[in-house]
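The values are calculated or read from the model by the stated rules, or taken from the named source; none is laboratory data. In this text, all values refer to a predicted model and were calculated from it rather than measured experimentally. Heads up, the Cβs are rebuilt from the backbone with ideal geometry, glycines too, and the neighbour counts pull from every protein chain shown. Please note that ligands, DNA and RNA were not included when accessible areas were found on the heavy atoms of the full protein model with its side chains. Shrake-Rupley method; radii C 1.70, N 1.55, O 1.52, S 1.80 Å.
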Amino acid sequence: MSLFYNFISKVGKLGIHQLSKKALPQTSGSLQLKGLKETVKIYRDHWGIPHIYANNLDDLLFAQGFVHAQDRFWQMELSRRTATGTLSEAFGRDALDLDITSRTLGFKRVGKKDIPLLSPKTRQLMEAHIAGINAYLKQYKDQLPIEFTLTQVTPKKWTLEDSMAYSRLMAWQMSHGWHSTWVRQQIVEKIGEERAAELDIHYSKDNPSIVPKGIEVNNLDKSTIFNATQHPFLQQNGGSNSWAISPQKSTTNHALLCNDPHLGLTAPAIWYENHLYCPEYHATGISVAGFPLVVIGHNEHVGWGITLAFTDCEDLFIEKFKNDGSYKYQVGKDWKKAKVKKEKIRVKGEEEVHVEKVIITRHGPIISNMLEKTEQRVALQSMALQQPAQLMQAWWQINTARNWTDFVHGVSFLDAPQFNLTYADTKGNVGYWLTGKVPIRKSGNGKLPIVGWTGEGDWVGIVPFSEMPHSLNPAKGYVLTANNKVVGDDYPHYLGDAWMNGYRAKRLENLIEEKSKVSVNDCRQLQMDLYCIPGKAFADIYKKLYNELQVKEATFPKALYLLAHWDGYLTKESIGGCIYKITRYFLSRNILEEAVGEKLTKNILGRGINPPLNTGNEYFGHDATTILRMLEQEDNWWIQQAGGKADLLLRSLQQAMKWLEDHLGSKISNWQWGSVRQLTFAHSLGIRKPLDTVFNIGPFAIGGDGDTPWQVGNVNGEIENDSLNSSSYRMILDMGNFENSLAVMPPGQSGHIDTEHYSDQIEMWLSGQLRPMLWSREQVMAYSEELLELI
């Protein structure tokens, strides 16, 4: 990599931009491409979003693959290399650990087995999309994005194996269960089960669940219920905000559907927005570059949104192997030979190929190399790595659904990951379904690693699809999901307990309940809300302490007063909110570090075990609930071992003041949250200087945290971190008139640094503005700025 950075220093920032401009793709005029049946028209609007019009489905998805590659091929190249474990081939030994992880989990290996399971229709869709990607590579082989020039990476043809591996990577990244299991095990080993239980994830009884009864269906005729739950296929089956408002509670007298998926903010955006039309299919919304169709959006009849469900669909098993090199492991009283895959990894700059032996048991691959300091053989069983997987079939059925029955049929194919899917249609129905297969365990709940050889914790079935939590036209007039608890405690199946803490859901529920009717503008304000429920609860604790102590020391009054009287709104200008966040940081550490150590404290606060692929774990955000509960308890052991309640609160505040003085100066007026919480849209090449100034966008002062509806979460457990999770897309659908629908996607549509569309949606996003989500041909023409015809 040193040669690479020497090259960069010679080329210079200006030279990079000049080279980048030469690599910009053609977006107007005409191009002749082999593989098309008829001419396709691609209109680019004011924000660079393509609106693709074709005469048949194959040409439409061919063109979608082509524009994906035009705007995002460097991003796509990194994604497929991550999924196939071939980063080292391009970037050297620095990427080897990540390749080993990818090969161990087997995204390519498992994805390849999915190919024979594709239906003729879904295979046709995939291959048309891939043909478009490869048409781009052929057309622009000497005009690739600047990143390829700088890294001297030569891309290969895109294959079906690449797409399937990538789909498995995405499914695994959005699945949950095993990270908190491993963290919980470390806590138990450190302090014992009794103390560890006090740190465990506990959902507040004051925060809402999505479907308290598990299933609620209203205003639907019996034939539709039968079709939705008794389809022949179903007999074979066992972090974000989204809500849908019914016509009765909407000012439009039609359903509204809103979604803002919270993910890592990067340059370019994780999503790619596109509008797709042919006589057979018409949909608009966001896609993933390298994968066809629309992931979140609407067609002519229905709209849908997604949040992560956080159901527990992954377990860790401790396997017992013989020590004779035979790779035999115990199953009951017998010994079974594990599968051993020799994964050959080429490393740039090295003649010798790295060979990684991947050991696979009946539960799944041994992932001990992904864990810190363990001699145990730990196997991961994950629904995201099981067969069969029919992700493409699911999205095709959802994309083409005409009603609730069609939608549910599509949802039934989503084996993994585990999503909360919200639904609305043009007939006025709103609904919800929890997707993803959930295991039924022989015994136990998988919250700690399971002894692998007894069979006691084995998966013996899955929760039947018809019994998965779902709701249609709920009596309260809306569906709301915010990664919160899905069902009440009397639901008959175990779904896990690793939901996020529910404060965002509680705040959104309060705001919706305050209104007799909800408007589009109300939905926009909900997406931008920065009220922090746990923060205000902490402030009230300090207010009580302030009143009791009547503090007179010169070092305390103003900071303590501002914290005690803070209104709970965590805006970027908030001083009281800033004092709260830094005080909570030290409060958490003062309670935890003495007992469990610094490293495990960071895991308890949410830092991921395997950061390159998973930056966080399921404990993220639960320290707020845990510490508030501890502070309410008289003589709590954790509080007492940290010095007692009053001393702990004041000491944490003093440490926060010292940190703020050191970093922002002695003037309290400078202690604004936005001076600490800084957001940068980071590019893959911007992790090192001097390329950060070329590719990264930011930093920007921003408000919010993991508990505000406009979530701006920091999962690494540190105060300063410009790599944040937030709303990667905001969408508001008016199901009565799609031309009134709105959206915004930061930082912009393009992956090319020398186009305005690399960053032209950031200011809109920061200020809460939305742009039209174009739908009709007339609306598209009105906003169209470029036309490219593919001949």
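Can you say whether LYS138 is assigned to a loop (DSSP other than H, G, I, E, B) and either farther than 30 Å from GLY621 by Cα or open to solvent by 10 Å² or more (accessible area, probe 1.4 Å) (or both), as far as the supplied structure shows?
Working: assigned to a loop (DSSP other than H, G, I, E, B): no; either farther than 30 Å from GLY621 by Cα or open to solvent by 10 Å² or more (accessible area, probe 1.4 Å) (or both): yes.
Considered against the rule, which asks whether it is assigned to a loop (DSSP other than H, G, I, E, B) and either farther than 30 Å from GLY621 by Cα or open to solvent by 10 Å² or more (accessible area, probe 1.4 Å) (or both), LYS138 comes out as no.
Here are some conditions: (1) over 22 Å from GLN655 (Cα atoms); (2) in a loop (DSSP other than H, G, I, E, B); (3) open to solvent by 10 Å² or more (accessible area, probe 1.4 Å). GLY698 meets all but one. Which one does it not meet?
That leaves (2) as the condition not met.
Give the residue that is nearest to LYS205 (Cα to Cα), with candidates limited to residues of the stretch 587-602 that are of a type in the set (S, T, N, Q) and open to solvent by less than 20 Å² (accessible area, probe 1.4 Å). Talk me through it step by step, then tell me what you get.
Of the stretch 587-602, the ones of a type in the set (S, T, N, Q) are 588, 590, 601.
With open to solvent by less than 20 Å² (accessible area, probe 1.4 Å) added as a condition, the list becomes 588, 601.
Values: SER588: 22, THR601: 25 Å.
It comes out as SER588.
Residue check, LYS213 against (1) part of a loop (DSSP other than H, G, I, E, B); (2) open to solvent by 30 Å² or more (accessible area, probe 1.4 Å); (3) touching a helix residue (DSSP H, G or I) at 6+ places or on another chain (Cβ under 6 Å), all met but one. Which one?
For LYS213, the exception is condition (3).
May I ask you to list the residues in the stretch 586-610 that are assigned to a helix (DSSP H, G or I) and of a type in the set (Val, Ile, Thr)? Spell out the reasoning first.
To start, the set of residues in the stretch 586-610 that are assigned to a helix (DSSP H, G or I) comprises 586-596, 598-604.
ILE591, VAL596, THR601, ILE604 - these are the residues of the stretch 586-610 that are assigned to a helix (DSSP H, G or I) and of a type in the set (Val, Ile, Thr).
Which is open to solvent by 40 Å² or more (accessible area, probe 1.4 Å) and in contact with a Phe, Trp or Tyr (Cβ under 9 Å, 6 or more places away or on another chain), of SER666, SER652, SER684?
On the way: SER666 fails: in contact with a Phe, Trp or Tyr (Cβ under 9 Å, 6 or more places away or on another chain); SER652 fails: open to solvent by 40 Å² or more (accessible area, probe 1.4 Å).
SER684 is the lone residue from the list that is open to solvent by 40 Å² or more (accessible area, probe 1.4 Å) and in contact with a Phe, Trp or Tyr (Cβ under 9 Å, 6 or more places away or on another chain).
Would you tally the residues in the stretch 153-185 being assigned to a helix (DSSP H, G or I) and either open to solvent by less than 30 Å² (accessible area, probe 1.4 Å) or under 27 Å from VAL486 (Cβ atoms) (or both)?
In the first step, residues of the stretch 153-185 are kept if they are assigned to a helix (DSSP H, G or I); the result is 160-173, 178-185.
Applying the additional criterion that residues be either open to solvent by less than 30 Å² (accessible area, probe 1.4 Å) or under 27 Å from VAL486 (Cβ atoms) (or both) yields 160, 162-173, 178-185.
The qualifying residues number 21.
The rows are residues; the columns are (1) surrounded by 24 or more Cβ atoms within 10 Å (Cβ to Cβ); (2) within 25 Å of PRO699 (Cα to Cα).
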residue	(1), (2)
HIS254	no, no
HIS262	yes, yes
PRO268	yes, yes
TRP271	no, yes
LEU276	yes, no
ALA283	no, no
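Looking for something surrounded by fewer than 23 Cβ atoms within 10 Å (Cβ to Cβ), among the acidic types (Asp, Glu) and over 25 Å from TRP182 (Cβ atoms) - is there at least one such residue anywhere in the stretch 401-408?
Within the stretch 401-408 (the criterion being surrounded by fewer than 23 Cβ atoms within 10 Å (Cβ to Cβ), among the acidic types (Asp, Glu) and over 25 Å from TRP182 (Cβ atoms)), the answer is yes, since at least one residue qualifies.
Any residue in the stretch 437-444 that is open to solvent by 10 Å² or more (accessible area, probe 1.4 Å) and under 22 Å from the mean Cα position of the chain (by Cα)? Reasoning before the result, please.
Here is the first cut: in the stretch 437-444, the residues open to solvent by 10 Å² or more (accessible area, probe 1.4 Å) are 437, 440-444.
Still in the running and under 22 Å from the mean Cα position of the chain (by Cα): 437.
The answer is yes; a qualifying residue exists.
Inside the stretch 581-639, can you point out the residues that are farther than 26 Å from TYR531 by Cα and touching an Asp or Glu at 6+ places or on another chain (Cβ under 6 Å)?
THR601
Between residues in the stretch 752-769 that are more than 19 Å from GLN18 (Cβ to Cβ) and residues that are in a helix (DSSP H, G or I), which pairs lie under 7 Å by C-beta distance while being six or more apart or on different chains?
GLY768/ARG524
Could you please let me know if VAL355 is modelled with pLDDT of 95 or more, in a loop (DSSP other than H, G, I, E, B), in contact with a strand residue (DSSP E or B) (Cβ under 8 Å, 6 or more places away or on another chain) and under 30 Å from ALA90 (Cα atoms)? Quick ask: steps written out before the conclusion?
On the way: modelled with pLDDT of 95 or more: yes; in a loop (DSSP other than H, G, I, E, B): no; in contact with a strand residue (DSSP E or B) (Cβ under 8 Å, 6 or more places away or on another chain): yes; under 30 Å from ALA90 (Cα atoms): yes.
Against the criterion (modelled with pLDDT of 95 or more, in a loop (DSSP other than H, G, I, E, B), in contact with a strand residue (DSSP E or B) (Cβ under 8 Å, 6 or more places away or on another chain) and under 30 Å from ALA90 (Cα atoms)), VAL355 does not qualify.
Can you tell me which residue is most open to solvent (accessible area, probe 1.4 Å) among those in the stretch 732-758 that are touching a helix residue (DSSP H, G or I) at 6+ places or on another chain (Cβ under 6 Å) and aliphatic (A, V, I, L, M)?
Among them, the one singled out is ILE753.
Give the residues of the stretch 614-641 that are open to solvent by less than 10 Å² (accessible area, probe 1.4 Å), outside any helix (DSSP H, G or I) and either farther than 30 Å from LEU169 by Cα or among the polar types (S, T, N, Q) (or both), sorted by residue number.
ASN636
Which pairs do you get when a residue that is more than 17 Å from CYS578 (Cβ to Cβ) and of a type in the set (Phe, Trp, Tyr), found in the stretch 524-549, comes within reach of a residue that is open to solvent by less than 20 Å² (accessible area, probe 1.4 Å) and in a helix (DSSP H, G or I), reach meaning Cβ atoms under 6 angstrom, with the pair 6+ apart or on two chains?
So the pair list comes out as TYR546/LEU560; TYR546/ALA564.
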